[in-house]
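Reading through the structure tokens given below for one structure.
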Amino acid sequence: MAARGGFSSRLGFIAAAAGSAVGLGNIWGFPFEVGEGGGAAFVVVYLFFCFVLCFPVMATEIAIGRKTEKNPAGAFVALGYKNWAWVGKLGILAGVLILSFYNVIAGWAFGYIFEMAMGHFGGGEQFGAFTVQIVKVGAYGALFMATTAFVVSRGVSGGIEKAAKLLMPTLIVMMLGMVIYSLTLDNAMDGIRFYLVPDFSKINAGVIYSAMGQAFFSLSLGMGALITYGSYVNKKENIVSAAALITLADVGIAFIAGMMIFPLIGFMSGGTMEGAAGGPGLIFVTLPQIFGTLGSIGPLVGTIFFVLLCFAALTSTVSLLEVPVAYAVDELNIRRKRAVWIVAGIIFVVGIPSLLGFGYSDFFSTAFTTYKDGGTDTDFLSFVASIANDSILPLGGCMIAFFAAHIWKKHNLDEELASGSPKYKGSFVQKYMNFAVGYLAPVVLSILFVLTVLFKFFGISII
Ligand code: TRP
């Protein structure tokens, strides 16, 4: 274990894994998915996925990682199932795709630190003008990727763990402050109603598929990121309770992000909630406008917010980069430092079309493709995101659960989960884990995976 590095403590692991989970997915992605999915009904479906299906899959990923001390592809081989390595490799591919577009958004967040400091609170127009300055946003993206690479090259406990422990609490405090402020604004309650009072007639197939994808993405699940992090975890660690804490932290922060943004949209729209479906630009449009109403402290608050958002994104990009790097180190025998910079460079290049797709290149912008799902126009970034998040991650989660319960076998999974958790065997949690990992997750996720792909990409709707 020493050669690969490891987390130094229980708190360190939880902080790093929660740091991986909490990121742009919560603060940028969750509100815009809720907005596009019609509000509170989406939230209900999302919560169902997180707690009922994803949490058991999370514990399983961590257990496989800790058992094998390997990257996602190597883990299946180490357990003796070479034929399953493709699941890990598919996960690694998903990680590359996700990081390629994630880094673009992280680069914007980085650039917005300076926009806020300069008091540019122009909303949608300003955001549009910002994303087309391709050299500038490209440079921000490159810097962000380089920072990620730097942290990853310093190894697990030195870089990843330290950064996460300090920054997460600061982010939470700041967001809570903003929630309080936004609740005092006029029409805040219209936002809260949109966000929290479900209109179940809004639940349709598309909402279910996006909620599933968002749950996997936000929890960093389905591609082996947590197999990789699990591989650095101590045998004395209680995996199930760690997974529960990570899930709670992640859902909690997404929830707070919604509490911060929807009252603001209520205020900005005079209660109509128009603009809630703002898509990927949402937090870059709404929040700066609000900072603009704060008077002389606006630039300061805006700057701090985007600084913290960048740190939240960094603990996530680090976990994304760590996966292909661990693969390159374990399986291709490349030195860690070297692997880090090569992989980061490749991923940056893969992300260039995503970068170009916000107005600079018509080809990669919203006209890039039109889903067959009823005609949603989609830019390149969102297209890659839906291939990775809505399709590969749930498929990966499904395969990992099926594998653990039926190929590797339940009793081996139980054994690993019981290590560090003396009361696990015979408990209700164990029974639920067995049911969820053995039956619920494989059945529900495989059906939803097929339905999602048919619906989104082929326009075939079965339900
Ligand atoms: N969960 C992170 C977020 O919400 C993104 C992320 C990090 C991720 N690692 C991942 C998503 C692994 C899927 C798989 O911002």
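Observations on the structure shown:
- The residues of region 181-237 that are open to solvent by less than 20 Å² (accessible area, probe 1.4 Å), over 30 Å from W86 (Cβ atoms) and among the small types (G, A, S), listed by number, are S182, A188, G191.
- Breaking point among (1) surrounded by 24 or more Cβ atoms within 10 Å (Cβ to Cβ); (2) more than 14 Å from the ligand (Cβ to nearest atom); (3) of a type in the set (V, I, T), for I113: (1)
- Of the helices (runs of 4 or more DSSP H) lying entirely inside region 291-390, the ones with 2 or more residues being within 16 Å of the ligand (Cβ to nearest atom) and in contact (Cβ under 8 Å) with a residue 40 or more places away in the chain are found at 298-331, 336-350, 380-385.
- Extreme residue, surrounded by the most Cβ atoms within 10 Å (Cβ to Cβ), among residues of region 239-260 that are out of contact with any helix residue (DSSP H, G or I) (no Cβ under 7 Å at 6 or more places or on another chain) and under 11 Å from C50 (Cβ atoms): F255
- Residues located in region 55-86, provided they are open to solvent by 10 Å² or more (accessible area, probe 1.4 Å), assigned to a helix (DSSP H, G or I) and in contact (Cβ under 8 Å) with a residue 40 or more places away in the chain: F55, K67, T68, W84
- Region 23-54: number of residues that are of a type outside the set (A, V, I, L, M), more than 18 Å from I192 (Cβ to Cβ) and open to solvent by less than 10 Å² (accessible area, probe 1.4 Å): 7
- The set of residues from region 293-323 being open to solvent by 10 Å² or more (accessible area, probe 1.4 Å) and not β-branched (V, I, T) comprises L294, G295, S296, P299, L300, L308, C310, F311, L314, L320.
- Taking region 270-286 as the range and being away from the ligand (no atom under 16 Å from the Cβ), of a type outside the set (V, I, T) and part of a helix (DSSP H, G or I) as the test, the residues that pass are G279, G281.
The values are calculated or read from the model by the stated rules, or taken from the named source; none is laboratory data. Computed from a prediction, not measured in an experiment: that's the story for all the values here. Virtual Cβ from ideal backbone geometry, glycine too; neighbours counted across all protein chains shown. These area figures cover heavy atoms from the full protein model, side chains too; ligands, DNA and RNA do not enter into them. Shrake-Rupley method; radii C 1.70, N 1.55, O 1.52, S 1.80 Å.
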